[in-house]
Amino acid sequence: MKSIYEQIGGRESVAAAVDIFYERVIGDPVLAPYFEGTAMRRQKTHMRAFLASAIGGAELYAGRDMQAAHAGLGVTHEAFNRVVGHLVATLVGLDVPTELIVAIGGKVEPLRAMVVAQRAAA
């Protein structure tokens, strides 16, 4: 059985998806502030490797773990939801079949606990 990575078209498709995804994210007034001062070329390289690895590609993700990478950013559930929405819209725009979008969503949703800032108890 082919991996999700192979089914969506491999490296070129992941690269295209990441480029379109970040255009959408940076254009979102809620999400853009999270990326101020970020070296986007480097960010896209990390995201391509992370996404490819997460969906069955051979690329190795050598970046920080999700919790460390997002620590101190104050990511909210709303921001996480918007990121997922942009990812879904990107994949729909690239004509990725619905069942693969659902499968990719299944890989992304568990990251919420590591990405969204945990509020300290009062």
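The values are calculated or read from the model by the stated rules, or taken from the named source; none is laboratory data. If you're wondering where the values come from, they're calculated on a predicted model, not measured in any experiment. Counting neighbours? That spans all protein chains shown, and the Cβs are built from the backbone with ideal geometry, glycine included. We work out accessible area using only protein heavy atoms, side chains counted, and drop any ligands, DNA or RNA first. Shrake-Rupley method; radii C 1.70, N 1.55, O 1.52, S 1.80 Å.
Which helices, counted as full DSSP H runs in the chain, have an axial Cα extent of no less than 18 Å and a Kyte-Doolittle average of -0.5 or above? Mind showing how you got there, number by number?
Values: long enough: 10-26 (24 Å, 0.46); 40-54 (20 Å, -0.65); 77-93 (24 Å, 0.67).
The qualifying helices are 10-26, 77-93.
For LEU94 and THR38, calculate 0.36 nm times their separation in residues minus their Cα-Cα distance, and state this gained length in nm to one decimal. Can you show the working numbers first?
Values: separation 56, 0.36 × 56 = 20.16 nm, distance 2.59 nm.
Here the answer is 17.6 nm.
Between beta-carbons, use under 14 Å as the cut-off and find the net charge around ARG41, counting Lys and Arg +1, Asp and Glu -1.
+1
For the charge dipole of the range 56-108, defined by +1 on Lys and Arg C-beta atoms and -1 on Asp and Glu C-beta atoms about the Cα centroid, which residue among LEU87, LEU100, MET66 has the Cα displaced farthest towards the positive pole?
Toward the positive end, the furthest listed residue is MET66.
Suppose every K and R has +1 on its Cβ and every D and E has -1 on its Cβ; what is the size of the dipole of the range 1-107 about the Cα centre, in Debye to the nearest 20?
I would put it at about 240 debye.
How much length is gained if the chain between ARG11 and ASP65 is pulled fully straight, taking 0.36 nm per residue apart and subtracting their Cα-Cα distance, in nm to one decimal?
Result: 17.3 nm gained on full extension.
Please work out the average accessible area per residue across the chain, using the 1.4 Å probe convention, and give it in Å².
With the other protein chains kept in place, the chain gives 62 Å² per residue.
If a/c stays under 1.5 just call it rounded; otherwise compare a/b with b/c (prolate if a/b is bigger, oblate if not). Do that for the range 29-97, with a ≥ b ≥ c from the square roots of the Cα gyration tensor eigenvalues.
oblate
For the chain, what does the relative contact order come out to in percent, with C-alpha contacts under 8 Å and a separation of six or more?
About 32 percent, as a whole number.
Quick check on the range 73-122: take the gyration tensor over C-alpha atoms, sort the square-rooted eigenvalues as a ≥ b ≥ c, and tell me if it's rounded (a/c under 1.5), prolate or oblate.
prolate
If you roll a 1.4 Å probe over the range 31-122 with all protein chains in place, what percent of the accessible area is carbon or sulfur?
On the way: 3340 of 5740 Å².
After summing per-atom areas, the C and S share lands at 58 percent.
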